[in-house]
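A quick write-up on the structure given underneath.
The values are calculated or read from the model by the stated rules, or taken from the named source; none is laboratory data. Since we're looking at a predicted model, the values are computed, not measured. Here the Cβ is made from the backbone with ideal geometry for all residues, glycine too, and neighbour counts use every protein chain on show. Side chains included, ligands, DNA and RNA excluded: accessible areas come from the protein's heavy atoms. Shrake-Rupley method; radii C 1.70, N 1.55, O 1.52, S 1.80 Å.
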Amino acid sequence: MRFLFKTTYAQDLTLFTDGVQRNWYVALLVALALIPWLVPAYLVDISLVLIYGLCGLSLMALAGYTGLVSLGHAAFLGIGAYAHVYFTQDLGLPWIVSVALTAATGVLVGLPALRMTGVYLTIATLAFALIIQEVFTRWDHVTHGLKGRPVDKPIIFGVSFASDTAFYFLCLVFLIAGLWITRNLLRSPTGRAWIAIRDSEIAAQSMGVNLAAYKTMAFSYSAAVMGLAGVLFAHKIGFLAPDIFSVLLSIQFLLMVVVGGLGSLHGALFGAVFVAFLPVVISQARDSVPAWVGSATALLGHDLSSAAFRAADRFVKQPGLEPGIFGLILVLFILFEPLGIYGRWVKLKVYFSTFPLYKQATFKRQRAYMRSERLR
């Protein structure tokens with residue numbers, strides 16, 4: 001086990017705890033830079049992972065660090081996407097305007113939601129998502145309604161990012177910038193106030209934290225990052241339609257941060273990888289079912305077995321299978337691994353660093369309350 005001894009204040013201001021951690025991140029950055037040449041066939045899917053990483057970063061700042069659960073972030077993604085297409089292709093304005101508009105929308109949503117917490121806030125954001133989806137459907141002048149809108153290839157400062165490789169690096173740069181800004185923001189007084197609100201609103205208010213101001217800032221920043229993800233998402237899919245930004249997409253974003261690990265930037269990225277590749281795995285399973293059904297039926301040669309395999313084939317090909325699997329995974333993680341994938345990774349590191357002195361009760365969940373919580 002390594003022990004870190006801090007001797008200067010500058011060590012608290014650095015992004016990395018020590019040189020070893022910095023070297024690992026440099027190696028990861030080099031690996032990400034080599035991906036277009038290592039796995040060019042999957043470059044499109046990896047670009048989607050980077051976009052989902054920004055989405056997870058957005059919801060993590062709100063739900064993971066401020067404690068405000070939202071089921072309306074698909075609406076912010078749609079606002080960023082549609083605003084970007086309308087402003088750049090119809091009005092000729094820069095893409096940053098769409099991000100600013102999404103941040104302003106987050107303020108408008110955050111202000112009425114200041115007096116709500118818990119399930120009431122979740123219901124309010126869900127209603128907001130449904131309203132915005134209806135706006136996308138009926139505002140034909142901007143969104144073209146159910147006919148949808150085609151999206152041109154991205155061009156920034158006169159530089160075209162039409163190729164898959166160029167778009168991949170564009171998404172990577174924006175994700176790194178978002179991580180850097182969020183990491184520094186969380187270490188600032190604003191981020192510490194968010195964490196205080198998450199842990200106990202009463203305790204935070206007693207220490208002088210303005211709940212209304214910091215909750216509004218959390219909504220605004222989260223919406224701005226999601227708007228930036230919407231800009232990239234619009235160019236990724238190439239065609240916008242209202243049914244893309246459904247409540248199911250918001251549930252996937254919530255699944256992303258819960259499965260990845262609430263209260264961790266690493267968890268946002270782990271959850272993005274999980275959510276982006278899970279539909280691919282389900283699709284591959286659907287395509288492979290007929291092959292092994294036929295081979296198993298030929299080997300067994302029983303009518304009962306054939307009927308069972310045909311029933312399994314119909315079950316796997318059900319249109320509602322994917323949402324059901326997402327919900328099942330969310331429930332299982334909440335029951336058996338509430339700290340998410342990143343929490344499991346931390347447990348493994350602690351286990352191997354303290355072996356054979358590891359104690360099973362190290363991460364045991366305990367029900368404890370702060371004194372301020374008793375006032376509720």
Residues that are in contact (Cβ under 8 Å) with a residue 12 or more places away in the chain and within 22 Å of Ile155 (Cβ to Cβ): does the stretch 9-27 have at least one?
no
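Counting only residues that are among the hydrophobic types (A, V, I, L, M, F, W, C) and open to solvent by 20 Å² or more (accessible area, probe 1.4 Å), which one in the stretch 204-223 is farthest from Tyr65 (Cα to Cα)?
Once the filter is applied, the top-ranked residue is Met207.
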Checked the stretch 135-158 for anything free of Cβ contacts under 8 Å to residues at least 24 places away in the same chain and either more than 20 Å from Pro242 (Cα to Cα) or in a helix (DSSP H, G or I) (or both); matches are Val135, Arg138, Asp140, His141, Lys147, Ile155, Phe157, Gly158
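Does the stretch 191-204 contain at least one residue that is free of Cβ contacts under 8 Å to residues at least 12 places away in the same chain and assigned to a loop (DSSP other than H, G, I, E, B)?
Step one: of the stretch 191-204, the residues free of Cβ contacts under 8 Å to residues at least 12 places away in the same chain are 192, 204.
With the extra rule that they be assigned to a loop (DSSP other than H, G, I, E, B), the set shrinks to none.
No, the conditions are met nowhere in the stretch 191-204.
Do we find that Ala81 is open to solvent by less than 10 Å² (accessible area, probe 1.4 Å), in contact with a Phe, Trp or Tyr (Cβ under 6 Å, 6 or more places away or on another chain) and hydrophobic (A, V, I, L, M, F, W, C) in this structure?
The answer is yes for Ala81.
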I'd like to verify a number: residues in the stretch 87-119 that are within 17 Å of Met226 (Cβ to Cβ) and assigned to a helix (DSSP H, G or I), how many?
17
Which pairs turn up if I take residues in the stretch 227-243 that are among the charged types (D, E, K, R) and look for partners that are open to solvent by 30 Å² or more (accessible area, probe 1.4 Å) and in a helix (DSSP H, G or I) with beta carbon separation below 7 Å, at least 6 apart in sequence or on another chain?
Lys236/Leu48
Test Leu170 against the stated conditions and say whether it is open to solvent by less than 40 Å² (accessible area, probe 1.4 Å), in contact with a strand residue (DSSP E or B) (Cβ under 9 Å, 6 or more places away or on another chain) and part of a helix (DSSP H, G or I).
yes
Scan the stretch 207-214 and tell me whether some residue there is within 30 Å of Arg138 (Cβ to Cβ) and in contact (Cβ under 8 Å) with a residue 24 or more places away in the chain.
no
Among the residues of the stretch 30-55, write down those that are touching a residue at least 24 places away in the same chain (Cβ under 8 Å) and either surrounded by fewer than 11 Cβ atoms within 10 Å (Cβ to Cβ) or of a type in the set (Phe, Trp, Tyr) (or both).
Tyr52
For the list (1) out of contact with any Leu (no Cβ under 6 Å at 6 or more places or on another chain); (2) open to solvent by 40 Å² or more (accessible area, probe 1.4 Å), I need the number of the one condition that Tyr65 fails.
(2)
The stretch 68-78 - residue that is small (Gly, Ala, Ser) and part of a loop (DSSP other than H, G, I, E, B) and, of those, surrounded by the fewest Cβ atoms within 10 Å (Cβ to Cβ):
Gly72
Could you tell me whether the stretch 11-18 includes any residue that is open to solvent by less than 20 Å² (accessible area, probe 1.4 Å) and part of a helix (DSSP H, G or I)?
no
Among the residues of the stretch 224-246 satisfying the criterion of being closer than 21 Å to Leu269 by Cα and of a type in the set (Val, Ile, Thr), which is surrounded by the most Cβ atoms within 10 Å (Cβ to Cβ)?
Val225
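If a residue must be among the hydroxyl-bearing types (Ser, Thr, Tyr), farther than 16 Å from Gly263 by Cα and open to solvent by 40 Å² or more (accessible area, probe 1.4 Å), how many such residues does the stretch 326-354 contain?
2
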